[in-house]
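Novice: Attaching a single structure in structure tokens format; questions to follow.
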Amino acid sequence: MAEQDHVSFQRGDGTLLVRFSGAWRLRGGLPSASLVDRELRSAAQVRGVAFDAQELISWDSSVLTFLVELSELCRQRGINMDRAGLPAGVHRLLELAEAVPEKKGARLVPNDLPIQHDFLPNFVDFNYWITPKEIRI
């Protein structure tokens, strides 16, 4: 069984090194970018964030989600983010995610999440997905 996702930090020369290891999968849970936020707050004069992903076994969108949040933290604090240590695929997807601004109102909020309803469960095996906005009472 592959090692679950892990993130660790090392400080030095004004740079916070973020190390990724293990298999980053959504089903395994997602480390919070608040871990990095805590490191940035406790580290004196961090001017840059760099990455070491040599021990990253595999990844899905969970690593991208983490990095998008981290990128926003760095942007808010005026901290440079050196992406050279990231896998090429992650680097390209992160650039793409940041190149296209989020469409206002496009993000699902808890009341907009799809609800699965079994439609005619006694007659057919058919699942119909609707959102709460589509429910009319």
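Every number here is computed from the coordinates shown, using simple stated rules; none is lab data. Everything numeric in this text was worked out from a predicted model, so none of it was measured. Neighbour counts are summed over all protein chains in view; Cβ atoms, including those assigned to glycine, are modelled from backbone coordinates with ideal geometry.
Novice: How much length, in nm to one decimal, is gained on full extension between residue 99 and residue 73, taken as 0.36 nm per residue of separation minus their Cα-Cα distance? Don't skip to the end; give the middle numbers.
Specialist: Numbers: separation 26, 0.36 × 26 = 9.36 nm, distance 1.68 nm.
Between residue 99 and residue 73, full extension yields 7.7 nm more.
Novice: Looking only at region 6-106, where both bridge partners belong to it, what percent of the DSSP beta bridges are antiparallel (to the nearest 5)? Show your work: numbers first, answer last.
Specialist: On the way: 7 of 19 bridges.
If I count the DSSP bridges inside region 6-106, around 35 percent turn out antiparallel.
Novice: Moving to a separate point now. So what's the net charge close to residue 91: Lys and Arg +1, Asp and Glu -1, counting the other residues with Cβ under 14 Å from its Cβ?
Specialist: Details: positive: 83, 92; negative: 52, 82, 95, 98.
With Lys, Arg at +1 and Asp, Glu at -1, the neighbours total -2.
Novice: Which of the peptides 8-15, 63-70 is most tightly packed, and how do the rest follow, going by the mean number of other Cβ atoms within 10 Å of each residue? Before the final figure, lay out the partial values.
Specialist: Numbers: 8-15: 12.6, 63-70: 20.0.
Descending packing order for the listed peptides: 63-70, 8-15.
Novice: First check a/c for region 6-106, with a ≥ b ≥ c the square roots of the eigenvalues of its C-alpha gyration tensor; if it is under 1.5, answer rounded, and if not, answer prolate when a/b is larger than b/c or oblate otherwise.
Specialist: Note, shape of region 6-106 comes out oblate.
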